[in-house]
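This report concerns only the one structure given below.
The values are calculated or read from the model by the stated rules, or taken from the named source; none is laboratory data. Note that the structure is a prediction, hence the values are computed from the model and not measured. Virtual Cβ from ideal backbone geometry, glycine too; neighbours counted across all protein chains shown. Keep in mind that these areas ignore ligands, DNA and RNA; they rest on the heavy atoms of the full protein, side chains included. Shrake-Rupley method; radii C 1.70, N 1.55, O 1.52, S 1.80 Å.
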Amino acid sequence: MKKILFRKLLFDCLVFFLITLFSTSIIIWIFQAVNFLDIIVEDGRNYLVYLNFSLLNFPKVISKLVPFVLFFSFLYVIGKYELRNELIIFWNFGINKIDIINFFIKFSFLIMLLQIFLTATIVPKSQDLARSFLRDSSYNYLENFIKPRIFNDAVKGLTIYSNSKDEFGNLKEIYLKKGSGDNFQITFAKEGRFKKIGKNQFLELNFGETISVINNKITNFKFKKTDFNLSNFEDNTTTYKKTQEVATLDLIKCYHNLMNFNFLNIDKNFKVENCKNDNIDNIIKELYKRIIIPLYIPVLILISLMLIFKSKENINYSKYRIFIFLIGFITIILSEMTIRLINEDFLKNLKFFVIPIILVVSLYFNYLIRFKNMKVLK
């Protein structure tokens with residue numbers, strides 16, 4: 001019977017948790033996906049690139065919400081059990097409060113491992129795949145990112161300006177600058193429009209002049225009609241891997257070598273993008289977010305279990321529930337704030353690494369003491 005009761009309580013917590021997690025994640029993801037519309041509207045990307053990029057950001061949204069939604073779910077379900085007098089069934093069948101705590105703390109470690117797997121493996125991989133779609137794509141709708149009376153520099157090494165643009169996509173009074181420094185080329189044209197020949201894209205210009213400056217030598221020529229090839233240009237999208245997109249194992253190897261540790265047998269010539277001394281802080285902060293922050297999950301579940309130590313008959317029960325919610329909420333905020341305190345000093349960082357472990361041990365022994373005192377009073 002005890003197993004049935006535990007399974008029922010766990011099932012209710014998990015169902016509420018999963019429904020809340022996915023519903024809130026989808027809402028936030030939709031708002032985020034709207035911001036990603038710039039990939040099509042301004043950068044002229046294919047809609048499939050936008051769709052893949054947006055979908056691959058969904059795991060990151062989920063990973064951010066898991067701690068809070070998990071805490072809120074357990075707090076809500078346990079509170080509902082108390083308000084409906086369902087927890088009395090547990091006590092009537094001889095189940096001790098410490099048994100519930102032991103059961104859920106084991107479950108919390110399982111959720112913690114799943115969260116570490118999500119943040120350390122799935123999220124960085126999905127972020128890297130999302131970025132790869134941008135790296136490997138091209139401007140399929142190049143004319144979309146041209147805004148009248150704005151200097152458009154979404155294409156690397158090229159600035160395009162147009163005084164006006166009609167409903168058919170025809171540009172008026174066009175200015176183009178290619179290159180920078182002492183070597184550059186400036187082209188003026190009265191009108192122009194985009195056209196595509198095969199996979200190549202061109203800007204067809206009419207009635208203009210091109211001025212070239214190479215090694216302080218100036219040349220120019222006028223034209224009635226010319227095609228400006230845009231296919232050889234790259235966009236300004238970041239092509240290298242960001243720290244958050246690098247695999248966790250690679251970050252560990254990188255940090256190990258940069259700090260000159262001898263814990264692991266890693267080739268000193270091991271290389272990975274962004275593995276440099278001026279990026280050490282970002283590397284250790286990223287590892288902290290992926291591995292240490294999930295350790296707060298058992299802490300949050302233990303905090304939510306504080307509800308079982310006070311009955312709804314207590315006059316201050318409502319305030320007690322709010323108090324527990326605030327403790328959990330503050331714990332989540334503080335766990336995120338500690339990221340800012342992480343730096344390249346490994347020994348100083350150790351105190352932040354052990355905080356969640358100390359909290360779990362402290363809370364558990366506090367519950368043991370409270371349980372023993374309750375038995376003595378009885």
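The distance between label points at F371 and L14 comes to 2.3 nm (points 7 Å beyond Cα on the Cα→Cβ vector).
In the chain, the calculated helix contribution to ellipticity at 222 nm averages -17000 deg cm²/dmol per residue, counting -39,500 (n - 2.57) for every DSSP H run with n ≥ 4. Solvent-accessible surface (1.4 Å probe) assigned to E344 amounts to roughly 90 Å². Rolled with a 1.4 Å probe across the full set of protein chains, the surface gives S212 an accessible area near 20 Å². If the Kirkwood radius is taken over C-alpha pairs of region 291-378, then at 4 °C and 1.567 mPa s the Stokes-Einstein diffusion coefficient equals 88 µm²/s. In this structure, the pairs whose alpha-carbon distance is over 21 Å, taken from K178/K217; K64/K319; K242/K351; K196/K225; K8/K106, are K64/K319; K242/K351. Largest accessible area first, the residues M112, M259, M337 order themselves as M337, M259, M112 under a 1.4 Å probe with ligands, DNA and RNA left out.
Solvent-accessible surface of the chain, taken per residue with a 1.4 Å probe and all protein chains present: 57 Å². In this Cβ point-charge picture (+1 for Lys and Arg, -1 for Asp and Glu), the chain has a dipole of about 1260 debye about its Cα centre.
If the viscosity is 0.890 mPa s and the temperature 25 °C, what Stokes-Einstein diffusion coefficient in µm²/s follows for the chain when Rh is the Kirkwood radius over Cα pairs? Intermediate values should be presented prior to the final figure.
Numbers: Rh = 25.5 Å.
Value of D from the Cα-based Kirkwood radius: 96 µm²/s.
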